[in-house]
Structures are given as structure tokens and as C-alpha cells.
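Presented below is the structure to which this report refers.
The values are calculated or read from the model by the stated rules, or taken from the named source; none is laboratory data. Note that the coordinates shown come from a computational prediction; the quantities given were computed from them, not determined experimentally. No Cβ is skipped: glycine too gets one built from the backbone with ideal geometry, and neighbour counts run over all protein chains shown.
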Ligand SMILES: *Cc1c(COP(=O)(O)O)cnc(C)c1O
């Protein structure tokens, strides 16, 4: 049976139905040229106020988000995004800036661009930043283009290979390939760290650089990082740091001090912009001193009391239009200013504490492949007792019945039943205890009533999906679902 709210707002439309909203005051009337005006009115749904409110309230409840419940997704996690930052990012003076406005009329935005560049430099130990790229992967591409430009400038064009460990985020090899490099994959140690011998074996005068995440995707800090960076530099390569998730290190350690030459940072993960479904994002790219001249445009400089848009001397160009994603770096700016130098350390400490608390509380029933302290996240390799055949996917689905989002599953690929858990720094002990409790309940069900877990979820709007089909043949319109074809 079709439920009342399994519908599109357009299908609720009845001719002449109407909902009212007051017009905003003080809007200037603009006289558009007549050839730009519509000749027929736009075809919009005609609905009452109730129709609209109920429709969108119901639609909003069909999804799961950080606003609905605990969301322990590892790696791509949204960390803390204070609501006040959303509000500040929409202040009209910023939101209504036109990208072609002259520099002297947008000094406020340029000041924020400049100060955000400076703060990211301090946090990461790199010389300079451009806030131009629009996502993490976009920042990676910028960084790789800089690596390429650097070797080209040195007439060292045989360097066509980028080394990527097999524990890396998928965007790393993808960005390297998009940039025209050949990817050399190296096998990781059992804990996901770089195998130094495997690294030595592939270093040569054809290596342009190494891409690395530290802590890695298994939540382990790379203890040999100084040796690794020395080896890569001695071989003439550059070191790229994937700084998508920076919360564990904040205020404690800097990529620049570890020997990294380039990094991108995901402002939409670590620095407070809510994201998902492809946006919005910002992936500033930062570099060490010898690479500053290659940064993407623009860079903002300060002369006396005024701020100026500058172009780097040998810039790789603009990656995105104009000045990057202003609403995202506005949030990052407010987030950093709110915490300040003194408190930013707590972000790292709490992220690490929360992850270790969950890990230690559950490791008697879930397989823990990497012992010892983790950073902001860790990996379980499925249940310890696998006698009833319950897998990581089943557990992830059963969690939904209890109102918890699943962890990241089947990544990293170095384990077969990976369950990557990141609680983030802001969750209370009560929330963590609630999650631990439910994980124990599900583990018990897996032994006592395995069918219940294997057929989960039972309470969600859609049940278990054919995930391959969902990716390859997505049905994006409700009618197809209801007409059985
Ligand atoms: C999310 C993520 C990326 C990519 O960031 P996007 O903004 O999604 O392009 C890269 N590396 C790691 C480790 C990530 O978690």
C-alpha cells in the first residue's frame, strides 16, 4: 500500500491551493530586460502550508543523520559542527558578496581568507595555504599538480610515479591517476603502517612523491614517519599528507614537522561544516617554503591594514572559481577562533580518548586486529565468535534497528570484516556507553538469534538493499518503486 507521504511535493499539488509567506522587506525591485523574463509562470506545486510542513517533516524523518543519532562512521566522519557557525556563515555581508566585486569592497572576506590561511599554516607547520580547492580530493589534485610542476621546473620529468600504501583512502590513487601519474602501491604492515622495506624497494629516480595519511585509516600513528620522509626526500621525491581528518593531531603534532611538503585539509570534516551527499566542501592546500610559488590562485596577502588577492608566481592556476567555498572557510574560521590556541589541544585529546574508550570496552567480543592505543578511530575485524555466520554487514544493519548509524564497514581493505569506528571528540560518555551497550546486545543476538541479525534491519523505511544494484541502477523516483517494475 502506498503511504500518504511516499510522494513528491508535486503530486500533492491542487490547482488554486496556496500557502502564505510574508515578503521580505526592503528588497530592491530590479528591472530585467524583457527577453530575460518568463512568458508563462513557472510550474510550481500549488500546496497549502500544512502540505508543505508535513511533507518535508516526513521526508526529513526518513533519513539518518548526526541530528538523529550517534554516527560512529570512521574516516569520513563529520566531527563537531556547532549550529552557531551555520548561522554566522549566512550573514548577509558575506553571503551576498559578488565574486566580481572590487577588492576594496570585500576587505572583511579577504581578512577571513587571510587569517584562515595563517591559522592553517600554524596548525600544520607548513609555510602557506590557498583556500581555493572545493573538496578533499580537489585539494589532493592541487597538491599533485604542484608536485608535477615542481619536478618540471627542475627539468626532472622522468618522475612519473606516485607511491600510495594499500591502506590509503581511495581518493589518493584516484587523484594521482587523474593527474597523469602512475600509481605504485605498496603493501602495508599488519597494522596499516608503511612497510619501510617495501618502500625502499620502490624508491628510484622515477618517483615523484609519496601520499600518506597519518594517523592512517586504521587509526595508527606512523612511528617511522621521520625515517620515511628522509628516505623519500633522499630519493628526490616529495611527501604529500592527506589531512582530511586532522582531529587527532590538532595542537599535538604537525605534518610540517614530520617532513611533509604538501597537505590538504578537509574543512568540512575537521573544522565544522556539515557535509554529506557530495557537499559542501573546502580542501585548502598547504605547502612548504620551496613550493609556495606553485600554489593555486588566489592567495590573500596583507599590506599594512589592507588585504589583497595575489597570484602565485608559477601558480598551477585556479582549481575552482574565484575565492573558494567561502561559507565553509567562514565556519572553519569561527570554529578556530572560538577554540583558540589554548583549547584546540582538547579536540585531539578527546577524540583519542573517546575512540580508545569504545575499543577497550568491546574488544572482548569483537576481534581487535591492532592492539595498543589508537588515535581518533580504530578497526574491529568482525565478531570474535563467528560460529553462527553473522558478518560485519549484518551487525551494521542491526544497529539501524536500534537507532544507531553503522560504522564504516569493509574499509580499510587490509582486513576482511573491517568495522571502522570513530566516535569524534564531542560525544558524551552517556552516548558512548549507550553505543557500547547496543553493540553488546547485537553481539549476543548474533549467537542466540542469528537470523534476526542476518535479516536486519526490521524497523527502517527500506529494508536490506541490494547494495550493488543500488549503486549501479539507482531508482531516483518514488513511482518506480510503487509500480513494481
Ligand atoms: C574524506 C577523505 C578524503 C576525500 O575528501 P572529499 O572531500 O570527500 O573529496 C581523502 N582522504 C581521506 C582520508 C578522507 O577521509
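Of the numbered criteria (1) at pLDDT 90 or above; (2) surrounded by fewer than 17 Cβ atoms within 10 Å (Cβ to Cβ); (3) touching a helix residue (DSSP H, G or I) at 6+ places or on another chain (Cβ under 7 Å), the one residue 313 fails is (1).
Just one of the listed residues (445, 427) is crowded, with 18+ Cβ neighbours inside 10 Å, at pLDDT 90 or above and part of a loop (DSSP other than H, G, I, E, B), namely 427.
Does residue 282 qualify as being under 18 Å from residue 243 (Cβ atoms), in a loop (DSSP other than H, G, I, E, B) and in contact with a helix residue (DSSP H, G or I) (Cβ under 7 Å, 6 or more places away or on another chain)? Answer is yes for this residue. Among the residues of region 83-102, is any within 16 Å of the ligand (Cβ to nearest atom) and on the phi < 0 side of the Ramachandran plot? No, because not a single residue in region 83-102 is within 16 Å of the ligand (Cβ to nearest atom) and on the phi < 0 side of the Ramachandran plot.
Only a single criterion out of (1) assigned to a helix (DSSP H, G or I); (2) touching a helix residue (DSSP H, G or I) at 6+ places or on another chain (Cβ under 6 Å); (3) at pLDDT 95 or above is not satisfied by residue 327, namely (3). Taking region 118-170 as the search range and keeping residues that are in a loop (DSSP other than H, G, I, E, B), more than 20 Å from residue 186 (Cα to Cα) and within 19 Å of the chain's Cα centre (by Cα), which one is nearest to the ligand (Cβ to nearest atom)? It comes out as 135. Would you be able to tell me the number of residues in region 369-390 that are surrounded by 18 or more Cβ atoms within 10 Å (Cβ to Cβ) and either more than 26 Å from the chain's Cα centre (by Cα) or free of Cβ contacts under 8 Å to residues at least 24 places away in the same chain (or both)? The number of residues fulfilling the criteria is 2.
Every condition in (1) away from the ligand (no atom under 12 Å from the Cβ); (2) under 29 Å from residue 353 (Cα atoms) is met by residue 287 except one, and the failing one is (2). You will find that of 238, 226, the residue that is farther than 25 Å from residue 342 by Cα, in contact (Cβ under 8 Å) with a residue 40 or more places away in the chain and more than 15 Å from the ligand (Cβ to nearest atom) is 238 and no other.
A quick yes/no check of all residues on (1) at pLDDT 95 or above; (2) surrounded by fewer than 23 Cβ atoms within 10 Å (Cβ to Cβ); (3) assigned by TED's automatic domain parsing to the domain that holds residue 299:
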{"site": "133", "(1), (2), (3)": "yes, no, yes"}
{"site": "145", "(1), (2), (3)": "yes, yes, yes"}
{"site": "155", "(1), (2), (3)": "yes, yes, yes"}
{"site": "167", "(1), (2), (3)": "no, no, yes"}
{"site": "174", "(1), (2), (3)": "yes, yes, yes"}
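Among the listed residues 275, 264, 308, identify the single one that is in contact with a strand residue (DSSP E or B) (Cβ under 9 Å, 6 or more places away or on another chain), within 14 Å of the ligand (Cβ to nearest atom) and touching a residue at least 60 places away in the same chain (Cβ under 8 Å). Only one candidate passes the filter, namely 264. With respect to residue 67, determine if the residue is closer than 26 Å to residue 244 by Cα, loosely packed, with under 15 Cβ neighbours inside 10 Å and under 18 Å from the mean Cα position of the chain (by Cα). It is true that residue 67 is closer than 26 Å to residue 244 by Cα, loosely packed, with under 15 Cβ neighbours inside 10 Å and under 18 Å from the mean Cα position of the chain (by Cα). Could you please find all residues in region 180-202 being touching a residue at least 40 places away in the same chain (Cβ under 8 Å) and buried (at least 16 other Cβ atoms within 10 Å of the Cβ)? Selection gives 188, 191, 192. Screening the candidates 219, 209 for the property of being part of a strand (DSSP E or B), crowded, with 21+ Cβ neighbours inside 10 Å and assigned by TED's automatic domain parsing to the domain that holds residue 245 yields one hit, 209.
Just one residue in the set 450, 369, 407 is in contact with a strand residue (DSSP E or B) (Cβ under 6 Å, 6 or more places away or on another chain) and over 26 Å from residue 68 (Cβ atoms); that residue is 369. Might you let me know whether region 180-189 holds any residue that is more than 12 Å from the ligand (Cβ to nearest atom), within 20 Å of residue 294 (Cβ to Cβ), in the same structural domain as residue 238 (by TED's automatic domain parsing) and in contact with a helix residue (DSSP H, G or I) (Cβ under 9 Å, 6 or more places away or on another chain)? Looking for residues that are more than 12 Å from the ligand (Cβ to nearest atom), within 20 Å of residue 294 (Cβ to Cβ), in the same structural domain as residue 238 (by TED's automatic domain parsing) and in contact with a helix residue (DSSP H, G or I) (Cβ under 9 Å, 6 or more places away or on another chain), one finds at least one in region 180-189, hence yes.
Return the residues of region 391-415 that are within 21 Å of the chain's Cα centre (by Cα), more than 30 Å from residue 253 (Cα to Cα) and not in a loop (DSSP other than H, G, I, E, B); say none if nothing qualifies. Within region 391-415, just 396 meets the criteria. Restricted to region 316-344, and to residues that are exposed (fewer than 15 other Cβ atoms within 10 Å of the Cβ) and over 28 Å from residue 426 (Cα atoms), which residue is nearest to the chain's Cα centre (by Cα)? My answer is 321. Does residue 177 fit the bill of being within 16 Å of the ligand (Cβ to nearest atom), free of Cβ contacts under 8 Å to residues at least 12 places away in the same chain and in contact with a strand residue (DSSP E or B) (Cβ under 8 Å, 6 or more places away or on another chain)? Yes; evaluated as a whole, the condition is true for this residue.
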